[in-house]
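I have placed the structure first, in the form of structure tokens, so that the comments after it can refer back to it.
The values are calculated or read from the model by the stated rules, or taken from the named source; none is laboratory data. Computed from a prediction, not measured in an experiment: that's the story for all the values here. Backbone-built Cβ (ideal geometry, glycine too); neighbour counts: all protein chains shown. Side chains included, ligands, DNA and RNA excluded: accessible areas come from the protein's heavy atoms. Shrake-Rupley method; radii C 1.70, N 1.55, O 1.52, S 1.80 Å.
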Amino acid sequence: MEISLARDLMSDKEWAFFVRFILTARTPNGRKPANHCLVLDGVFWIARTGAPCRDLPEEFGKWLSVYRQFRCWMLAGLREEIMDALNQSGAVPHALQMIDSSVIRAHYQAAGAKRGTPRQGFGRSRGGFTTKIHLLVNAHGLPMRTEITPGQTSDHLGFDLVMADNLPSPSVQLADRGYDTDSIRAKMEKRDVLPVIPMRKSRKKRIGMDRSLCRLRNLVERRFNKLKNARRVATRYHKTAESFLGFVDITSIRLWRCHFST
């Protein structure tokens with residue numbers, strides 16, 4: 001157990017990054033945790049192992065307190081605030097961006113949330129009961145925006161979800177054939193963005209493409225592999241979209257920290 005816990009404990013530099021956001025987050029009134037750092041360590045442990053919250057080791061405190069605090073942070077918009085700060089920091093070039101999606105299998109116990117499964121990002125596809133993660137990354141393959149939809153949602157419908165106006169605008173946008181639509185190409189051209197998208201076989205009007213740039217798109221696929229190292233991302237156990245997306249984003253934010261440290 002000591003080895004497992006050591007892999008999730010934050011360094012002083014990593015905690016110094018998170019503390020400025022956590023202490024200023026507007027959370028509902030209630031008893032605040034005595035040790036925010038330990039709570040966040042517990043969240044990272046759950047994300048990596050995929051273990052039920054009830055199995056959280058006692059070293060992190062009471063599991064219910066950790067989970068409730070995590071929910072408060074997510075509902076208070078903590079993940080959006082941190083991601084926006086990282087994207088606007090200018091620490092990583094944003095001229096080249098990539099977009100892609102990946103289908104995540106959902107555990108059968110994840111069903112049953114209020115407001116119905118479609119509103120919580122559940123759907124039916126070839127993989128069964130699934131959720132689809134839409135991911136936008138920069139030239140270093142670091143996540144800029146994540147969103148979720150039901151698993152059967154087509155890629156081009158998720159394009160507008162991650163291409164937000166408050167993000168740095170790219171000069172070149174890489175994507176796969178799933179985004180080869182006239183509407184997406186028109187939106188990119190309107191923003192003075194060069195689309196590098198392979199053509200669908202059914203496209204009548206042929207469009208040229210820089211194949212050397214297209215090869216760089218493997219960065220977004222490799223980033224999905226990194227995200228899925230966290231078992232809470234690789235399989236969805238959460239009933240609500242906010243909780244699942246919260247674990248996706250908190251894992252994405254830690255990938256930024258790992259990139260800066262190396």
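For this structure, a couple of remarks:
- Label point distance in nm, Lys228-Glu81, each placed 7 Å from Cα along Cα→Cβ: 3.3 nm
- When Lys228, Lys204 are compared by accessible area at a 1.4 angstrom probe, the order from most to least is Lys204, Lys228.
- Within the assembled protein chains, the solvent-accessible surface assigned to Phe122 is about 10 Å², based on a 1.4 Å probe.
- Length added when fully stretched, Glu221-Arg200, from 0.36 nm per residue minus Cα-Cα: 5.6 nm
- Whether the stretch 30-161 is rounded, prolate or oblate, judged on the alpha carbon gyration tensor where a/c under 1.5 counts as rounded: oblate
- The per residue volume of the convex hull around the alpha-carbon atoms of the chain is 142 Å³.
- Taking the centroid of alpha carbons for each part, the stretch 140-215 and the stretch 231-252 are 24 Å apart.
- Ranked from largest to smallest solvent-accessible area, with a 1.4 Å probe on the protein heavy atoms, Met188, Met199 come out as Met199, Met188.
- Kirkwood-Stokes translational diffusion coefficient of the stretch 124-211, alpha-carbon pairs, 25 °C, 0.890 mPa s, µm²/s: 173 µm²/s
- Cross-link check: pairs Lys204/Lys228; Lys13/Lys226; Lys204/Lys226; Lys132/Lys187 evaluated at a Cα-Cα cut-off of 32 Å; pairs beyond the cut-off: Lys204/Lys228; Lys204/Lys226.
- Accessible surface for Cys258 stands near 70 Å², nearest 10, in the context of the full protein assembly shown (1.4 Å probe).
- Annotation: aspartates and glutamates with alpha-carbon distance below 17 angstrom to Lys190 (same-chain offsets under eight excluded): Asp160, Asp165, Asp180, Asp182.
- The stretch 92-222 - percent relative contact order, Cα under 8 Å, separation 6 or more: 26 percent
- With a simple spin-label model that places each label point 7 Å from the Cα along the Cα-to-Cβ direction, the separation between Gln88 and Asp210 comes to 2.9 nm.
- Point-charge dipole on Cβ atoms (K/R +1, D/E -1) for the chain, about Cα centre, debye to 20: 980 debye
- By the helix-only formula, in which each DSSP H run with n ≥ 4 contributes -39500 (n - 2.57) and the sum is divided by residues, the chain has a 222 nm mean residue ellipticity of -11500 deg cm²/dmol.
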